[in-house]
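Structure first, commentary second.
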Amino acid sequence: MVEQRMKMFLRLLFITKRDVGELSPLIFKEDVLSNGDMVQETCGRCPQAGGAETESDLRSEPNGQQVICEQHPQHREVNKVNGCIKYIMFLFNFMFTILGYLMLGIGVWGLLDKESLDLDKINNLSTDPMLVFVVVGLVVGTMSFSGCLGALRENQCLLKFFTAGILILVTAEIMGGIMAYALRDRIEQYLQNGMILGVKRYQDDPDLRFIMNEIQRGFKCCGVESYQDWQLNLYFNCSSPGVHACGAPASCCINPQENGMVMNSQCGFGTLHMEEVTAQNYIYLRGCISRLISWLTSNVGSISTFGVILMVIQVLGLIFATKILSDIELIKAHW
């Protein structure tokens with residue numbers, strides 16, 4: 001009775017391993033006889049190495065079942081390489097999965113925190129920076145998770161989804177690079193329009209406010225083309241009745257900290273109606289668009305290198321997934 005239960009347990013165990021692993025080509029699986037006994041046999045050739053399956057590769061049991069040969073040592077070395085590919089792909093996709101879903105979480109939190117999904121603010125959703133986090137995080141997280149789980153479980157459906165997604169992503173990136181090069185003369189206009197939007201919605205969107213503040217502090221500039229661009233903002237316009245009227249943000253100030261310690265948020269108040277000779281003692285007069293374009297031009301090599309590295313990682317993931325898929329198809333053809 002105990003022996004029968006042990007045999008039944010072993011049969012269920014090995015059948016489960018075979019089903020879950022989808023006849024993994026990376027790990028040799030022992031055959032199981034109908035009575036629960038495991039059988040291995042070393043033969044002259046192994047089907048996985050590409051040799052034709054002959055009678056010498058199989059052994060018939062009394063019950064009529066044929067047993068697949070055990071792999072030779074050199075074939076096990078090939079499986080070690082395949083196993084390394086599998087787990088390298090799993091590791092990298094696991095890291096990108098965490099990164100992608102972290103970006104997605106930050107994006108969703110930002111949209112909810114700003115109530116950007118409310119009916120009265122939904123019209124500005126397309127220009128919300130948090131939407132970029134949501135879209136990029138969702139794409140990266142979904143793609144990486146399918147590659148991570150597909151590599152670990154050797155699931156053909158997930159691996160094919162990952163492969164198709166990477167092909168689409170790489171194609172889109174190549175097309176985007178070609179379009180950016182072809183429209184390079186218009187990039188400045190696109191950036192200028194984006195910065196004007198940031199100036200207009202400076203007080204309404206904390207994310208755009210953060211971006212504008214970082215640009216102005218980092219490049220030591222103010223506005224888009226000049227500090228007078230802050231007249232476009234409803235709150236900083238000289239006709240505004242508020243306390244910010246005819247002023248500029250503190251990020252425009254040359255010395256925004258009093259005594260080097262306390263931030264003076266009102267250091268730019270009243271500077272828009274000053275003469276340039278006087279205003280230059282308090283705020284930067286030059287706009288940010290020219291300095292931003294100069295920075296992009298001087299760092300185009302670094303940006304291109306980053307893009308190439310990112311594409312190489314994606315292509316390697318595509319090659320690894322294709323290799324695992326081909327191994328699965330090969331072993332299924334012999335099983």
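Of all residue pairs spaced 6 or more apart or on separate chains, those with beta-carbon atoms under 7 Å, a first member in region 82-98 that is more than 11 Å from Lys323 (Cβ to Cβ) and a second member that is open to solvent by 90 Å² or more (accessible area, probe 1.4 Å) and in a helix (DSSP H, G or I) are Thr97/Phe145.
Only a single criterion out of (1) open to solvent by 70 Å² or more (accessible area, probe 1.4 Å); (2) under 30 Å from Arg201 (Cα atoms); (3) not aliphatic (A, V, I, L, M) is not satisfied by Ser302, namely (2).
Scanning region 142-168 for residues that are under 17 Å from Val312 (Cβ atoms) and open to solvent by 40 Å² or more (accessible area, probe 1.4 Å) returns a single hit, Leu167.
Does Val224 qualify as being under 23 Å from Lys121 (Cβ atoms) and open to solvent by less than 20 Å² (accessible area, probe 1.4 Å)? Spelling it out, it is not the case that Val224 is under 23 Å from Lys121 (Cβ atoms) and open to solvent by less than 20 Å² (accessible area, probe 1.4 Å).
Using the structure shown, decide if Glu188 is touching a Gly at 6+ places or on another chain (Cβ under 9 Å), touching a residue at least 24 places away in the same chain (Cβ under 8 Å) and among the acidic types (Asp, Glu). So Glu188 fails the test. Restricting attention to region 251-269, the residues that are part of a loop (DSSP other than H, G, I, E, B) and at pLDDT below 80 total 3.
Among the residues of region 227-248, how many are farther than 17 Å from Gly194 by Cβ and in contact (Cβ under 8 Å) with a residue 24 or more places away in the chain? Summing the residues that are farther than 17 Å from Gly194 by Cβ and in contact (Cβ under 8 Å) with a residue 24 or more places away in the chain in region 227-248 gives 12. Considering (1) without any contact (Cβ under 8 Å) to a residue 12 or more places away in the chain; (2) farther than 30 Å from Phe320 by Cα, the lone condition that Ile215 does not fulfil carries the number (1). Residues in region 238-249: is at least one open to solvent by 90 Å² or more (accessible area, probe 1.4 Å), of a type in the set (S, T, N, Q), at pLDDT below 90 and outside any helix (DSSP H, G or I)? Yes: region 238-249 contains one or more residues that are open to solvent by 90 Å² or more (accessible area, probe 1.4 Å), of a type in the set (S, T, N, Q), at pLDDT below 90 and outside any helix (DSSP H, G or I). Hey, among Leu296, Leu272, Leu310, which residue is among the aliphatic types (A, V, I, L, M) and surrounded by 14 or more Cβ atoms within 10 Å (Cβ to Cβ)? The conditions single out Leu272.
The values are calculated or read from the model by the stated rules, or taken from the named source; none is laboratory data. In this text, all values refer to a predicted model and were calculated from it rather than measured experimentally. Note: ideal-geometry Cβ built from the backbone for every residue, glycine included; neighbour counts use all protein chains shown. With ligands, DNA and RNA removed, areas are computed over all heavy atoms of the protein, side chains included. Shrake-Rupley method; radii C 1.70, N 1.55, O 1.52, S 1.80 Å.
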